[in-house]
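Data block below; observations after.
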Amino acid sequence: MESFESLYNALFKRVYAYVLLRVRNAAEAEDICACAWRKAYEKRDLFDPEKGEFSQWIFAVARNEVNMYWRWSRLKGFFSLTQTDEVLPLKEPGPSQTAEAEELKHRLLLSVQKLSSRERDLAALKFYSGLNNRQIAQVTGLSESNVGTLLYRAVRKMRKDMEDL
């Protein structure tokens with residue numbers, strides 16, 4: 001197995017993007033990523049390469065941390081599905097491109113928020129974390145065909161919803 005440092009350097013941005021999509025707050029995403037990577041480091045001896053790749057394992061750890069964050073948020077009364085103020089930054093386009101991109105981003109976020117929690121989780125693992133359906137199945141405990149079906153339906157819902165907006 002590669003050194004933990006090289007794995008961290010190779011995967012950090014993908015894990016952070018996944019967490020940021022799930023929590024929609026950069027400061028919270030940084031804290032959650034730090035916890036996930038710390039736990040992975042502390043429990044690195046438990047990683048079994050015969051059960052899958054390290055990337056699958058770290059995304060499972062990050063996913064558990066995000067789920068714990070939301071559980072605690074609900075308990076504290078801070079749970080909100082309308083936090084859309086922080087998303088991945090855009091490059092500097094012109095004014096008309098900025099307006100179009102902001103409108104598209106707003107419509108996409110509204111569409112994503114209409115998905116179920118499970119659909120949002122699967123979409124984040126697929127499109128922001130770069131995992132394939134087999135890896136997602138291992139992380140979530142679903143069958144590979146079920147992951148494919150659920151993702152297909154989620155994308156179809158989002159397309160229809162964005163056409164309606």
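Before moving on, here are some points about what is shown:
- Residue check, Arg38 in contact with a Ser or Thr (Cβ under 9 Å, 6 or more places away or on another chain) and not hydrophobic (A, V, I, L, M, F, W, C): no
- Summed over region 137-162, residues that are loosely packed, with under 14 Cβ neighbours inside 10 Å and not in a helix (DSSP H, G or I) total 2.
- Residues located in region 112-136, provided they are surrounded by fewer than 18 Cβ atoms within 10 Å (Cβ to Cβ), out of contact with any Leu (no Cβ under 6 Å at 6 or more places or on another chain) and either assigned to a helix (DSSP H, G or I) or polar (S, T, N, Q) (or both): Ser116, Ser117, Arg118, Arg120, Phe127, Asn132, Arg134
- Region 9-56, residues that are charged (D, E, K, R), in a helix (DSSP H, G or I) and over 12 Å from the mean Cα position of the chain (by Cα): Glu28, Glu30, Asp31, Arg38, Lys39, Glu42, Arg44, Asp45, Glu50, Lys51
Throughout, read-outs are computed from the coordinates displayed, never taken from laboratory work. Note that the structure is a prediction, hence the values are computed from the model and not measured. Ideal geometry is used to build each Cβ from the backbone, glycine not excepted, and the neighbour counts take in all protein chains shown.
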